[in-house]
Amino acid sequence: MVLTAAQLTSFRDDGYLVIENFVAESSLTALRQRAGELEDQAIAEDASTVFSTTDPAHGEDPWFLESGDKIRGFFEAEGRRLNKLGHALHDLDPVFSDFCRTPELAGAFADLGMHMPQLVQSMYIFKHPNIGGEVTWHTDHSFLWTEPRSVVGAWFAIDDATTENGCMWAIPGGHALDVKSRFVREGNVATTTVFDDTGYPIDQAVALPASAGTLILLDGALPHWSDRNRSAHPRHAFTLHVVDGTADWQDENWLRRDDSLPFRGFVDA
Ligand SMILES: O=C(O)CCC(=O)C(=O)O
């Protein structure tokens with residue numbers, strides 16, 4: 001067991017679990033360095049697009065829609081820096097794959113009851129000083145839908161994340177609410193279908209400041225948010241989304257894979 005009984009209870013009750021010191025400093029350094037190289041490469045090639053969660057236009061952007069089985073850069077709206085890299089870092093880059101495929105992380109997902117973990121999506125989110133954008137309130141299930149719901153997010157603080165530089169926020173127990181929207185792809189367009197436009201009770205949200213090396217596990221139905229970076233300090237984070245292969249992945253999900261790159265687990269079968 002990687003997670004204690006108390007941690008499992010906390011995850012079930014709150015919909016999230018904060019685990020400090022999950023990642024060794026050397027692994028953080030390796031990931032930060034590799035992400036920097038990939039950012040430099042993306043900027044040099046200028047092969048990127050602006051990404052903003054406040055702008056639904058990315059649902060029609062081939063650069064985004066075709067990135068499920070690639071490593072692509074997405075620019076901030078201001079400045080020539082990346083908002084993020086996505087979305088198959090964990091399968092295409094050995095440094096990212098090694099970071100994800102550890103016995104500790106595999107054990108944590110096994111403890112959560114995931115029978116056949118499939119690593120479907122990864123993002124390195126830079127949130128650069130002063131320009132790093134907001135990630136609007138959402139649930140991960142809306143984007144990575146399975147029947148039944150199974151997605152769990154593993155969010156890693158690569159830098160210290162604070163309320164000033166854009167740490168995660170979540171609504172404790174919010175995973176018990178019905179998911180209010182779904183991002184549905186038809187052909188080359190993905191749009192959000194809203195089931196309930198009342199909004200999440202964000203007055204109940206709590207900040208989840210996290211020191212570098214912290215892992216936050218997030219239930220797929222948990223509403224979460226991060227502010228833009230209002231500080232002079234970077235807030236790098238890496239996030240990995242895992243679904244259960246025993247649940248049915250929905251073909252209407254925006255994220256598509258070429259047959260040559262099927263979803264994989266923590267260890268090859
Ligand atoms: O890193 C962030 O600011 C947001 C990440 C997120 O929303 C996620 O991992 O689902």
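Given +1 at the Cβ of Lys and Arg, -1 at the Cβ of Asp and Glu and no other charges, the dipole of the chain around its Cα centre is 320 debye to the nearest 20. Convex hull of alpha carbon positions in region 60-167: directionally averaged projected area 8.2 nm². Applying a DSSP loop filter and a limit of 13 other Cβ atoms within 10 Å to the chymotrypsin sites (Phe, Trp or Tyr not before Pro) in region 11-83 leaves nothing. Surface calculation, 1.4 Å probe, protein heavy atoms: S67 sits at approximately 0 Å² accessible. Considering only C-alpha atoms, what is the centroid distance from region 59-103 to region 155-230, in Å? Between the Cα centres of region 59-103 and region 155-230 lies a distance of 18 Å.
Nonpolar atom fraction for region 164-269, defined as the carbon and sulfur part of the 1.4 Å probe accessible area, stands at 50 percent.
Taking a straight Cα-Cα cut-off under 12 Å and skipping sequence neighbours fewer than 8 places away in the same chain, the aspartates and glutamates within cross-link reach of K70 are D91, D93, D258.
For the peptides 35-45, 115-125, the ranking by packing is 115-125, 35-45, with the highest mean count of neighbouring Cβ atoms within 10 Å listed first.
Spin-label model, A24 to R81: label points 7 Å out along the Cα-to-beta-carbon direction sit 3.0 nm apart.
Excluding ligands, DNA and RNA, the accessible surface per residue across the chain is 44 Å² with a 1.4 Å probe.
With the whole protein complex present, E76 retains an accessible surface near 10 Å², based on a 1.4 Å probe. With N as its number of residues, the chain has a Cα radius of gyration that, divided by 2.2 N^0.38 Å, comes to 0.93.
The values are calculated or read from the model by the stated rules, or taken from the named source; none is laboratory data. For clarity, every value in this text was computed on a predicted model and none was experimentally measured. Note: ideal-geometry Cβ built from the backbone for every residue, glycine included; neighbour counts use all protein chains shown. Each accessible area value is taken on the protein alone, full model and side chains, heavy atoms only, with ligands, DNA and RNA left out. Shrake-Rupley method; radii C 1.70, N 1.55, O 1.52, S 1.80 Å.
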